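Only one structure is covered here, and it is reproduced in the block below.
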Amino acid sequence: MIIRRIGDWPTWDLRSSFEELERMRRDMDKLSEGLMGPLSREPMAGVFPLVNVTEDTDSYYVRAELPGIKADELDISFTGNSLTISGERTIPAENEKARYHRKERESGKFSRVISVPSLVNASKVEAHCAHGILTVILPKAEESKPRQISVKTS
Amino acid sequence: MAEMERKALKAREKAEVTSPAEQTRTGPTFTPAVDIFETDQEIMVLADIPGVAAKDLMIDLRENVLTLSATVASPEKPKEVDVLREYRTGNYYRKFSLSEVIDQAKIEAELKDGVLRLSLPKVMAAAPRKIAVKAG
């Protein structure tokens, strides 16, 4: 009876402290996940403008939210395999009698270079702006397009 | 002003709405950045709502509460696959309570390059009117 009780004590204690450690580890994981955001999201470059890049079999699509920026105020260039988007957002001054309640919109210069993973047909790159969203379409070069390979049966 | 123009724009994540009411639509809802100023004649609201088409924007003013809400359609075609995703797209929602009485009939809204420019004219104080008393 006594022996068992002594024997029970440390095991129970040991297991519970392991459980505690395990629980702490899970909590830490949850915390770091919360700080970094869900794992599926890429870390933010922190350079304006933020971009979303997508691809399909023919092209890459680079999109950025640029409200209040006209197409002619944007400078877009493509060299080698890097795309540069730069420009300046100006917010025109309003009536000098205006009394501001809130001023959250920001103005300023920006420049961003995005490198594109595979070969692009530079002569066919096009860009357009609609509702404050810039879309740059980078057509893939023929040699970097995925090709279907048919298997010959003999 | 010159100093402001030299400043570089910082990348910011869009502020997500933490509304007490649950949304019926799925996906995130963001609060757009706004400038609000007032002159003697009007209250002007400028809001950055990239991705919104004029038909998808709702502006509502009732009982001195101005509500802006907009739905954003995904610009991506269904076959596109993500390579890099730094910003999220979603709807916009923001509400303001106005302290001035607004002349509802004269409200004007303009949406250009993803920026809403909303003019809310104040109701002019009734001009003094002379009432002629007829002598009978």
Open item on the list: Can you find, within the stretch A:50-63, the residue that is surrounded by the most Cβ atoms within 10 Å (Cβ to Cβ) among those that are facing another protein chain (nearest Cβ under 7 Å) and in a loop (DSSP other than H, G, I, E, B)?
Closed with: A:50
Task: Subset of the stretch B:79-108 that is at pLDDT 90 or above, more than 30 Å from residue B:62 (Cα to Cα) and not charged (D, E, K, R) - its residue that is surrounded by the most Cβ atoms within 10 Å (Cβ to Cβ) - done: B:87
Open item on the list: Looking at residue B:72 and the list (1) more than 7 Å from chain A (Cβ to nearest Cβ); (2) in a loop (DSSP other than H, G, I, E, B); (3) in contact (Cβ under 8 Å) with a residue 60 or more places away in the chain, which single condition is not satisfied?
Closed with: (3)
TODO: For the stretch B:8-23, name all the residues that are surrounded by 12 or more Cβ atoms within 10 Å (Cβ to Cβ), more than 8 Å from chain A (Cβ to nearest Cβ) and either modelled with pLDDT under 65 or over 17 Å from residue B:47 (Cα atoms) (or both).
DONE: B:23
Task: the stretch A:70-112: number of residues that are in a strand (DSSP E or B), open to solvent by 60 Å² or more (accessible area, probe 1.4 Å) and at the interface with chain B (Cβ under 7 Å from one of its Cβ atoms) - done: 6
- [ ] Would you confirm whether any residue within the stretch A:131-150 is within 12 Å of another protein chain (Cβ to nearest Cβ), open to solvent by 80 Å² or more (accessible area, probe 1.4 Å) and either free of Cβ contacts under 8 Å to residues at least 60 places away in the same chain or touching a His at 6+ places or on another chain (Cβ under 7 Å) (or both)?
- [x] yes
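The values are calculated or read from the model by the stated rules, or taken from the named source; none is laboratory data. Not measured: the values here are computed from a predicted model. Here the Cβ is made from the backbone with ideal geometry for all residues, glycine too, and neighbour counts use every protein chain on show. Side chains are part of the model used for accessible areas, which takes the heavy atoms of the whole protein and leaves out ligands, DNA and RNA. Shrake-Rupley method; radii C 1.70, N 1.55, O 1.52, S 1.80 Å.
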